[in-house]
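Chemist: Can you read through this structure? Questions will come right after.
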Amino acid sequence: MSHGHSHADDNHHHGNHYSDMQARVKALETLLTEKGLIDPAAIDRIVETYETKVGPRNGAQVVAKAWSDSHFADWLRRDATAAIASLGFTGRQGEHMRAVFNTPETHNLVVCTLCSCYPWAVLGLPPVWYKAPAYRSRAVIDPRGVLAEFGLTLPQETRIRVWDSTAELRYLVIPERPAGSEDMDEAALADLVSRDAMIGTALAKAPPEATL
Amino acid sequence: MNGPHDLGGQMGFGPIAPEQNEPYFHAEWEKRALGITLSCGAFGAWNIDESRHARENIPPASYLGASYYEIWIRAVDMLLERHGFATAEELRIGHSLEQGRVPKRVLKAEMVDGVLAKGGPCDRPVDTAPLFAVGDHVRTKNFNPTSHTTLPRYARAKTGVVDAVQGSFVFPDDNAHGRGENPQWVYTVVFDSAEIWGEGADPSLTVSIDAWESYLERV
């Protein structure tokens, strides 16, 4: 290892603190505030941003526009970063976007096996399961088993393409537009698009009137 | 490094158990952990690749038992100490004992919107043409570095096809260790599942990774 830091020491010094994360993080925030290294109000602002402004509704707008506007869909295929930025969604963990389109033949599924890379600018903060070992380990080897746990069973002939986000590209799945949604406007269409549909662990929802 | 983070294809972690209507945070400390991690990153003292490598260096038993925000906090502790912003004793007791290093930048509330909106683009120009084109058959490198890499173990020494030339980006294997950004071309390389998983692989499955040029050789 290039740096001479003993991880056994880390455990020795901090083990009891990590057993109580509430206390551990409070102590760290206190220390950093005393040192003038952080501004607690900045933390409030970051949290507020991801609780109220940056979340999967952003991505759903992108999908709804792609369904409604073929020029936008083409732009998304060619230059997703610019097309998404045109709707006002930019920034941290959305700097280099790629949109991948589901088709009747191919279903796309996104994972980060190495860490938790996720398109924050359009989906917000990742859910716990996306960052946890069960999903990260299995998505690349047993995607059908993974999808079944989400209640999604695809036909055997459907090809599955798994995108492991191992670099700085962030992937947004564009699900197929559901049947029966032809007359819906973009706002109504966006309501059919869940976070999971844009990761690839779900399909777009059927329109309310189409559910029998 | 072949650390606990490199999870593709491992088994035994049980069900995924997605939570219905999952809240953004499951505890107050998770909110603070997010903010502390981003605020410390804003010092400009380390880059995202060094952060990732710090997380990979958490001992496997701790890493696999930790939630992701705990992983972040453990890594922030390591980075604060390594870069001289806090001592191990200060981190242990949660109070300042001495004047540590002063960062280039402290993230103030009024800077947050701008910093988040700007993000951290890591595409960089290179003065060479890409070695590979869409459709080329390439084989990934076989190596087991003790340092940072983003070529996962399951995709080493495998033959695939270049699916896209994605542009040129900071090379994490160097950048994580202060050896410079040394940008390279990045390619999306797609593999048949049988090439990766062999016997019993799902024939309807293909898997792609995004690979820096030096991970690849022509077949």
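Chemist: Select from the stretch B:117-126 the residues that are at the interface with chain A (Cβ under 8 Å from one of its Cβ atoms) and touching a residue at least 40 places away in the same chain (Cβ under 8 Å) and list them in ascending order.
Modeler: Result: B:GLY120, B:CYS122, B:ASP123.
Chemist: State the number of residues belonging to the stretch A:71-86 that are out of contact with any helix residue (DSSP H, G or I) (no Cβ under 6 Å at 6 or more places or on another chain) and either of a type in the set (Gly, Ala, Ser) or closer than 28 Å to B:VAL115 by Cβ (or both).
Modeler: Total satisfying the criteria: 6.
Chemist: Okay, next question. Give the residues of the stretch B:193-212 that are in contact with a Pro (Cβ under 8 Å, 6 or more places away or on another chain), more than 7 Å from every other protein chain (Cβ to nearest Cβ) and surrounded by fewer than 20 Cβ atoms within 10 Å (Cβ to Cβ), sorted by residue number.
Modeler: If the condition is that a residue be in contact with a Pro (Cβ under 8 Å, 6 or more places away or on another chain), more than 7 Å from every other protein chain (Cβ to nearest Cβ) and surrounded by fewer than 20 Cβ atoms within 10 Å (Cβ to Cβ), then B:ALA194 is the only one that fits.
Chemist: When B:ASP113 is evaluated against the numbered criteria (1) surrounded by fewer than 17 Cβ atoms within 10 Å (Cβ to Cβ); (2) in contact with a Ser or Thr (Cβ under 8 Å, 6 or more places away or on another chain); (3) away from chain A (no Cβ under 14 Å), which criterion, by number, is the only one it fails?
Modeler: B:ASP113 satisfies all of (1) surrounded by fewer than 17 Cβ atoms within 10 Å (Cβ to Cβ); (2) in contact with a Ser or Thr (Cβ under 8 Å, 6 or more places away or on another chain); (3) away from chain A (no Cβ under 14 Å) except (3).
Chemist: Looking only at the stretch B:83-110, which residues are touching a residue at least 24 places away in the same chain (Cβ under 8 Å) and at the interface with chain A (Cβ under 7 Å from one of its Cβ atoms)?
Modeler: Passing the criteria: B:PHE85, B:PRO103, B:VAL106, B:LEU107.
Chemist: Restricting attention to the stretch B:47-64, report how many residues are among the aliphatic types (A, V, I, L, M), more than 20 Å from B:PRO103 (Cβ to Cβ) and crowded, with 17+ Cβ neighbours inside 10 Å.
Modeler: The total comes to 1.
Chemist: Could you go through the stretch B:58-81 and let me know if any residue there is touching a His at 6+ places or on another chain (Cβ under 6 Å), part of a loop (DSSP other than H, G, I, E, B) and modelled with pLDDT of 95 or more.
Modeler: Yes, there is a match, as at least one residue in the stretch B:58-81 is touching a His at 6+ places or on another chain (Cβ under 6 Å), part of a loop (DSSP other than H, G, I, E, B) and modelled with pLDDT of 95 or more.
Chemist: Suppose we keep only residues that are within 18 Å of the chain's Cα centre (by Cα) and in a strand (DSSP E or B) within the stretch B:190-214. Which one would you say is farthest from A:ARG170 (Cα to Cα)?
Modeler: Top of the filtered list is B:TRP212.
Chemist: State which residue is surrounded by the most Cβ atoms within 10 Å (Cβ to Cβ) when the search covers only the stretch A:89-112 and only residues that are among the small types (Gly, Ala, Ser) and modelled with pLDDT under 95.
Modeler: Per the criteria, the residue is A:GLY94.
Chemist: Residue check, B:VAL161 against (1) at pLDDT below 95; (2) on the phi < 0 side of the Ramachandran plot; (3) in contact with a Gly (Cβ under 7 Å, 6 or more places away or on another chain); (4) not polar (S, T, N, Q), all met but one. Which one?
Modeler: (1)
Chemist: Restricting attention to helices (runs of 4 or more DSSP H) lying wholly within the stretch A:13-130, give those where 3 or more residues are facing chain B (nearest Cβ under 9 Å) and out of contact with any Phe, Trp or Tyr (no Cβ under 8 Å at 6 or more places or on another chain).
Modeler: Here the list reads A:21-34, A:40-48.
Chemist: What's the number of the only condition in (1) hydroxyl-bearing (Ser, Thr, Tyr); (2) surrounded by 24 or more Cβ atoms within 10 Å (Cβ to Cβ); (3) without any contact (Cβ under 8 Å) to a residue 40 or more places away in the chain that A:SER137 fails to meet?
Modeler: (2)
Chemist: Which residues, taken from the stretch B:157-180, are out of contact with any strand residue (DSSP E or B) (no Cβ under 8 Å at 6 or more places or on another chain) and more than 10 Å from every other protein chain (Cβ to nearest Cβ)?
Modeler: B:ASP174, B:ASN175, B:GLY180
Chemist: If A:PRO208 passes every condition in (1) more than 10 Å from chain B (Cβ to nearest Cβ); (2) touching a helix residue (DSSP H, G or I) at 6+ places or on another chain (Cβ under 8 Å) but one, which one does it miss?
Modeler: (2)
Chemist: Within the stretch B:127-156, how many residues are part of a loop (DSSP other than H, G, I, E, B), within 14 Å of another protein chain (Cβ to nearest Cβ) and either in contact with a Cys (Cβ under 7 Å, 6 or more places away or on another chain) or hydroxyl-bearing (Ser, Thr, Tyr) (or both)?
Modeler: 4
Chemist: Here is a check on your reading of the model: is A:VAL146 surrounded by 23 or more Cβ atoms within 10 Å (Cβ to Cβ), outside any strand (DSSP E or B), more than 10 Å from chain B (Cβ to nearest Cβ) and modelled with pLDDT of 95 or more?
Modeler: no
The values are calculated or read from the model by the stated rules, or taken from the named source; none is laboratory data. Remember, predicted model here, so these are calculated numbers, not experimental data. Neighbour counts run over all protein chains shown; Cβ positions are idealised from the backbone, glycine included.
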